[in-house]
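Right, one structure below, let's go through it.
Derivation of every value follows stated rules applied to the coordinates shown; laboratory data play no part. The shown structure was predicted, so the numbers you read here are calculated from the model rather than taken from an experiment. All Cβ positions, glycine included, derive from the backbone under ideal geometry; neighbour counts span all protein chains shown.
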Amino acid sequence: MSEAAVSTEHPLAPLRSQIDEIDAQLLQLLARRFVLTDEVGHYKAQQGLPPVDAEREAAQMVRIAERATALQVDPQLAQQWFRLVIDRVVQRHREIADQQHPVA
Ligand SMILES: C=C(O[C@@H]1C=C(C(=O)O)C=C[C@H]1O)C(=O)O
């Protein structure tokens, strides 16, 4: 084999490059999700609706666990991950409501 044909790439580099690509896609999806949830937050603030919809969250958590299980992802991990995201969304909805109806 000629010297030029010998790869100097780290053996994990191809896998890590795919992981980096997936991380970038996850962040893009998260950003898109926040754009949509911000729209929901503005609607709720305009209508005087509460930031949290516990019934919807409960349904989402059931669905997330089912989908995670079907994909062989730990359902608890999936639920914890979405819990973090949804909590941040609710915090943002409170901020949006406070901006629209500041306490005197
Ligand atoms: C986005 C909403 O607001 C909150 C955030 C949710 C989410 O991030 O999925 C779900 C329910 C609500 O507690 C909504 O009501 O749809």
Residues VAL40 and GLN18, FRET efficiency given R0 of 41 Å [Cβ-Cβ distance, rounded to 0.05]: 0.80
For the range 46-104, with +1 on Lys and Arg beta carbons and -1 on Asp and Glu, the positive-most of GLN72, VAL62, GLY48 along the dipole: GLN72
Pairwise label distance in nanometres, ASP74 with GLN100, each label 7 Å out on the Cα-Cβ vector: 3.8
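Can you check how the C-alpha radius of gyration of the chain compares to 2.2 N^0.38 Å, as a plain ratio?
Working: Rg = 20.8 Å, N = 104, 2.2 N^0.38 = 12.8 Å.
Ratio of Cα Rg to 2.2 N^0.38 Å: 1.62.
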Ascending count of other beta-carbon atoms within 10 Å, so fewest first, for THR37, THR8: THR8, THR37
Potential lengthening between LEU27 and ALA58 on full extension [0.36 nm per residue; Cα-Cα distance subtracted]: 8.7 nm
Cα-based helix-to-principal-axis angle, 75-100 vs the chain, degrees rounded to 10: 50
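Using unit Cβ charges (K, R positive; D, E negative) and no other charged atoms, how large, in debye to the nearest 20, is the dipole of the chain about its Cα centre?
Charge dipole, the chain, about its Cα centre: 360 debye, nearest 20.
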Within a Gaussian network of the chain (alpha carbon springs, distance under 10 Å), most fluctuating of ALA45, ALA70, ALA31: ALA70
